[in-house]
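The values are calculated or read from the model by the stated rules, or taken from the named source; none is laboratory data. Since we're looking at a predicted model, the values are computed, not measured. Quick reminder, even Gly has a Cβ in these numbers, built from the backbone with ideal geometry, and neighbours come from all protein chains shown.
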Amino acid sequence: MTPAAAPPLAPPALTYACDVEDVPLGEGRALTLDGRRIALFRSFEGWFALDDACPHSGGPLADGIVCDHAVICPLHERRFALATGDALTSDDEAATAHEVEVRAGRVFVAVAAERSAAAAA
Amino acid sequence: MSRSVVIVGGGIAGQAVCEQVRERDREATITLVCGEVSPPYDRVRLSEILVSGEDPKTLELRPAEWFADQRVDVRCGRWVTAVDTAAREATLDDDTALAYDALVLATGSQPLMPPIPGIDLPGVHPFRTPADCAAIHAAAANGTQHAAVIGGGLLGLEAARGIAAQGTTVTVVHLVDRLMERQVDAGAAALLVPALAELGIDVLLERSTECIMGPDRARGLRFAGGDELAADLVVVSVGIRPETTLAREIGVACERGIVVDDAMGTDHDGIYAVGECAQHRGRIYGLVAPIFEQARVAAEAIAGEDALYPGSVLTAKLKVAGIDLVTAGEAGGEREAIVADPDAGVYRKLAVSGGRAVGAVLLGDTRGAEALVAAVRSGEPVDDPLQALADASALGPADLPDTAQICDCNGVCKSDLVAAVADEGCATPREVMARTRAGTGCGSCKPAVIEIVAAATGGLNEEPAYLCPCRKQTREQLAETIRADGHESVSDVAAACGTGRECGTCKPALAYLVSEVRANQHREERDARYINDRVHANIQRDGTFSVVPRMYGGVTTPDELRRIADVADRYEVPMVKVTGGQRLDLLGVRKQDLPAIWAELGMPSGHAYAKAVRTVKTCVGTDFCRFGLGDAIGLGTEMEKAWEGLHTPAKVKSGVSGCPRNCAEATVKDIGCVAVEGGWQVRLGGAAGGNVREADVLCTVETRAEALRVTTTFLQYYRENADYKERTYDFVPRVGLETVREVVLGEESGAALRQRLKIAKAATSDPWLERDDPYHPSQFSDLDEPGEQEPELALVGPPPEGAR
Ligand SMILES: Cc1cc2nc3c(=O)[nH]c(=O)nc-3n(C[C@H](O)[C@H](O)[C@H](O)COP(=O)(O)OP(=O)(O)OC[C@H]3O[C@@H](n4cnc5c(N)ncnc54)[C@H](O)[C@@H]3O)c2cc1C
Ligand code: SF4
Ligand code: FES
């Protein structure tokens, strides 16, 4: 289990996203949960989720390269931390991060309440 | 009141005087009057630019800020037209008057143009200025059938080299019975001829050119005795004529040059002369090393210090890639030790007179050149010349005495380099070169500078281009590790050396490297690939993809067009566009539609999304065009089929034109072929994107099969040696066209490259076939738009512990 960007007031409900083997190791995949596009990553360090819209210009983060707790956006190669969504190589705002939990081969996401501007756009 | 120094002429000499004066006198008012429109530039490197076709702007000796910083008033494009020597005032062509305490004439020289008939015809050029250089380069690169260079001295040979580098055959015509007779003896001169022949340069000795044949433009040379040589480009390089016009007008004593004494002073008080215009003890020097010595002496004299110029020992290096030649001092002496291996093109000689070293000639093997040149310069006593010659080969630059001059162009001694490291904190050769200017002239001393700096700093500090900057690993190191330890995948390499574990930016580069070294028999790991290479389509700004099927040589069929139209309709493709590479692009395709679209198209991938071989653009050539000389579509299609599916460090775009009208723009492609009379011209390293670069001519071959073979060999050379994302237009100039030529055209090295390409090619397949055999069930799908998977209802709320 990994911490989300900011702990929400009431713990959000966990929603089933996929089975572990649905995402190849080291990659990300997108899905819609609670009406928003979410990028779910199966990194070598564990599972993470961010809004699937790069804070820079809306790029599909799920299609990025994942390495060392971060994802590199496929459009302009800016890097964001998987756990917090923080921009690591630019001064973009953070991408909203969501909590992920894996139980018995099934992956659940707690969709955070706040939205990053790029995801709302 | 501060001293006022006016320097006439902004060549290497004028600039050197200006720097030397400023070093001694912070207060002096310095005015540099440059007749040429450009600020002082490095004439020596014009030879280099003739080969590369680079912009002469890169030759500037100092940037504009330097002149501002040093408070040097530079007047470009201005001439000194008169000097009132009594009133000590110089007048410029815009009527400005400049008062001076010291006037330095650095007016240089003019190329000698012998008064033979036809010397004024179009197509006849001297080789002295950037404009000459541009004219010769343009003529040699476009349309010249055969060129002739009159004069087989250092400069003539460099001119010939520059012409040959553009793929034009050239003959050097020389008056006497050996080349470079001023610098080398008969033994070395004889070995030069075959070495030049290998570079495509013919030599005709003992030919006196009587006239250049016209009538409308240069058509050839006629020699005394009646022989003729056809040539539509003629470069004249028979010597220099010191520029003394101004000196004579103002009454300064001149013979061939402006006569100076041992303090570089003329017969007029306060007037000095430095450089190629000056005649000292009867000699006129046509090289830069003496200029620095003269400039220093003149500055000392102007500053009122004791100044003595005893004359210079001449040293010369031939700047012709592929021929290593260093000479110093006399070509002969009372005793001579010679070591020669004519078959290997090696000739080494040390001449001794009166027990002292007076001359050295090193051809083909220049080991110990710095030490031998230093010995000749200082007239070192030598008892056993043969032993001295042998000992020198074992001496590296780091063993030299501190006083040895390393950079002749800028007069930098070894002690200056060591001081830059020890006293001024320079840590890398690049910093030392910026500080001392060593290596920034003709560049031939760079290896010595690097070695000395390495010794002074206790190791090499040049920051290499790292493939993985986090772990400071270069491509070469990693390739070696992969080869030696047999790594099969990116994760193997990561486990072994940590590369690709940190920021992750290098993962795609590593993935390419593993696939290249393992000849495509590596273990593919898609997480190391860009999205484009995971789904074999080009991601667009909105996250959709584009699909470009392959159309060999830009040729399609009605049936293919019909299928493309049907697919575009069925999948509501938002845009169908004709690309610059002569194909059709379906834009705005959703990821999950990719496999079905590929299946319906039934065409192979065009690799428009990958760092790989892209298109080979062709013109209709002999198939339909009335100008066609070669089968452009045929060759283009063969190239595309031979290379299809190969990945490369960066994309490779090619073109084939059926004649020099070049409708397929092959001269601005990474790899280009242009049909010419009797064969194909092969070009490399062109660009027509953010930068425009005309491709270098690698060679001209006779047949289509050879063109295919040579370009294929280069492709593999590039695959193996370029850094990731390094396009051919950066790669070729970085490694040097000469090196490329040597390896690619070399019989053994070329065959080995082709063999490795064959193995790599055999292991490629059409990536679009992954539509039937995906590497992962969700390769093309998002989680909620499953491809092959069973749709599953989302379960809301926390699941019961241990469910499933
Ligand atoms: C292609 C090439 C390659 C060479 N390679 C080498 C090499 O490898 N090694 C080597 O040692 N040497 C080499 N040389 C020779 C070397 O470049 C020259 O010796 C050196 O540049 C001469 O410098 P300079 O300042 O004396 O003369 P110049 O460069 O001729 O400068 C004189 C300047 O004075 C200006 N001038 C003249 N009269 C006036 C006036 N009245 N008012 C204002 N301005 C005036 C001229 O316009 C000119 O710009 C090479 C030369 C060439 C052309
Ligand atoms: S390059 Fe020459 S052969 Fe090809 S289309 Fe143009 S004119 Fe015709
Ligand atoms: S949209 Fe992600 S870096 Fe530009």
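Below, the figures for the structure above:
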{"read-out": "Flag for residue B:709 being in contact (Cβ under 8 Å) with a residue 12 or more places away in the chain, surrounded by fewer than 21 Cβ atoms within 10 Å (Cβ to Cβ) and not hydroxyl-bearing (Ser, Thr, Tyr)", "value": "yes"}
{"read-out": "Whichever residue in segment B:269-286 is more than 37 Å from the chain's Cα centre (by Cα) and surrounded by fewer than 18 Cβ atoms within 10 Å (Cβ to Cβ) and, among such residues, is nearest to residue B:4 (Cα to Cα)", "value": "B:270"}
{"read-out": "All helices (runs of 4 or more DSSP H) inside segment B:336-455 with 1 or more residues being farther than 23 Å from residue B:288 by Cα and in contact (Cβ under 8 Å) with a residue 12 or more places away in the chain", "value": "B:385-393, B:414-422"}
{"read-out": "Positions within segment B:149-174 being over 19 Å from residue B:684 (Cβ atoms), not polar (S, T, N, Q) and not in a helix (DSSP H, G or I), in sequence order", "value": "B:149, B:150, B:151, B:152, B:153, B:170, B:172, B:173, B:174"}
{"read-out": "Odd one out for residue B:749 among (1) over 22 Å from residue B:168 (Cβ atoms); (2) touching a residue at least 60 places away in the same chain (Cβ under 8 Å)", "value": "(2)"}
{"read-out": "Selection from segment B:89-112 of residues that are of a type outside the set (Val, Ile, Thr), part of a loop (DSSP other than H, G, I, E, B) and crowded, with 19+ Cβ neighbours inside 10 Å", "value": "B:100, B:106, B:108"}
{"read-out": "Criterion (of a type in the set (Lys, Arg), assigned to a loop (DSSP other than H, G, I, E, B) and either away from ligand 2 (no atom under 16 Å from the Cβ) or in contact with a Lys or Arg (Cβ under 7 Å, 6 or more places away or on another chain) (or both)) met by exactly one of B:22, B:62, B:45, B:75", "value": "B:62"}
{"read-out": "Criterion (more than 14 Å from every other protein chain (Cβ to nearest Cβ), of a type in the set (Gly, Ala, Ser) and within 13 Å of ligand 1 (Cβ to nearest atom)) met by exactly one of B:275, B:265, B:270", "value": "B:275"}
{"read-out": "Condition broken by residue A:64, with the remaining ones in (1) more than 8 Å from chain B (Cβ to nearest Cβ); (2) at pLDDT 90 or above; (3) surrounded by 20 or more Cβ atoms within 10 Å (Cβ to Cβ) satisfied", "value": "(1)"}
{"read-out": "Single residue of segment A:72-107 satisfying the filter (under 18 Å from residue B:504 (Cα atoms) and in a strand (DSSP E or B)) that is farthest from ligand 1 (Cβ to nearest atom)", "value": "A:81"}
{"read-out": "When residues of segment B:658-680 are limited to those that are under 20 Å from the mean Cα position of the chain (by Cα) and not in a loop (DSSP other than H, G, I, E, B), the one farthest from ligand 1 (Cβ to nearest atom)", "value": "B:671"}
{"read-out": "Segment B:574-587, residues that are out of contact with any helix residue (DSSP H, G or I) (no Cβ under 7 Å at 6 or more places or on another chain) and among the hydrophobic types (A, V, I, L, M, F, W, C)", "value": "B:575, B:578, B:587"}
{"read-out": "Extreme residue, surrounded by the fewest Cβ atoms within 10 Å (Cβ to Cβ), among residues of segment A:11-33 that are within 14 Å of the chain's Cα centre (by Cα) and part of a loop (DSSP other than H, G, I, E, B)", "value": "A:26"}
{"read-out": "Selection count, segment B:27-37, where residues are assigned to a loop (DSSP other than H, G, I, E, B) and more than 9 Å from ligand 1 (Cβ to nearest atom)", "value": "3"}
{"read-out": "Enumeration of residues in segment B:191-221 that are under 21 Å from residue B:318 (Cβ atoms), in contact (Cβ under 8 Å) with a residue 60 or more places away in the chain and not charged (D, E, K, R)", "value": "B:191, B:192, B:194, B:195, B:196, B:199"}
{"read-out": "Selection within segment B:506-525 - surrounded by fewer than 19 Cβ atoms within 10 Å (Cβ to Cβ) and either among the acidic types (Asp, Glu) or at the interface with chain A (Cβ under 9 Å from one of its Cβ atoms) (or both)", "value": "B:524"}
{"read-out": "Test: residue in segment A:42-61 that is part of a loop (DSSP other than H, G, I, E, B), away from ligand 2 (no atom under 16 Å from the Cβ) and aromatic (Phe, Trp, Tyr)", "value": "yes"}
{"read-out": "In segment B:760-788, residue farthest from the other protein chains (Cβ to nearest Cβ) [restricted to those that are surrounded by fewer than 16 Cβ atoms within 10 Å (Cβ to Cβ) and part of a helix (DSSP H, G or I)]", "value": "B:762"}
{"read-out": "Whichever residue in segment B:40-60 is at pLDDT 85 or above, surrounded by fewer than 21 Cβ atoms within 10 Å (Cβ to Cβ) and acidic (Asp, Glu) and, among such residues, is nearest to ligand 3 (Cβ to nearest atom)", "value": "B:60"}
{"read-out": "Verdict on residue B:348 being more than 22 Å from residue B:201 (Cβ to Cβ) and crowded, with 22+ Cβ neighbours inside 10 Å", "value": "yes"}
{"read-out": "Matching entry among A:65, A:38 (being more than 16 Å from ligand 2 (Cβ to nearest atom) and free of Cβ contacts under 8 Å to residues at least 12 places away in the same chain)", "value": "A:65"}
{"read-out": "Tally of residues being in a helix (DSSP H, G or I) and out of contact with any strand residue (DSSP E or B) (no Cβ under 7 Å at 6 or more places or on another chain) across segment B:580-620", "value": "7"}
{"read-out": "Residue B:544 vs. criteria surrounded by fewer than 23 Cβ atoms within 10 Å (Cβ to Cβ), more than 14 Å from chain A (Cβ to nearest Cβ), polar (S, T, N, Q) and over 37 Å from the mean Cα position of the chain (by Cα)", "value": "no"}
{"read-out": "Counted residues, segment B:468-518 - those being under 34 Å from the mean Cα position of the chain (by Cα) and at positive phi", "value": "3"}
{"read-out": "Segment B:618-641, subset closer than 17 Å to residue B:708 by Cα and hydrophobic (A, V, I, L, M, F, W, C), residue farthest from ligand 3 (Cβ to nearest atom)", "value": "B:629"}
{"read-out": "Condition met for residue B:597 (closer than 30 Å to residue B:725 by Cα and without any contact (Cβ under 8 Å) to a residue 60 or more places away in the chain)", "value": "yes"}
{"read-out": "Residues of segment A:85-107 satisfying the condition of being among the small types (Gly, Ala, Ser) and within 10 Å of another protein chain (Cβ to nearest Cβ)", "value": "A:104, A:105"}
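Here's the yes/no breakdown for (1) within 7 Å of another protein chain (Cβ to nearest Cβ); (2) out of contact with any Pro (no Cβ under 7 Å at 6 or more places or on another chain):
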{"site": "A:19", "(1), (2)": "no, yes"}
{"site": "A:22", "(1), (2)": "yes, yes"}
{"site": "A:28", "(1), (2)": "no, yes"}
{"site": "A:39", "(1), (2)": "no, yes"}
{"site": "A:52", "(1), (2)": "no, no"}
{"site": "A:55", "(1), (2)": "no, yes"}
{"site": "A:60", "(1), (2)": "yes, no"}
{"site": "A:75", "(1), (2)": "yes, yes"}
{"site": "A:83", "(1), (2)": "no, no"}
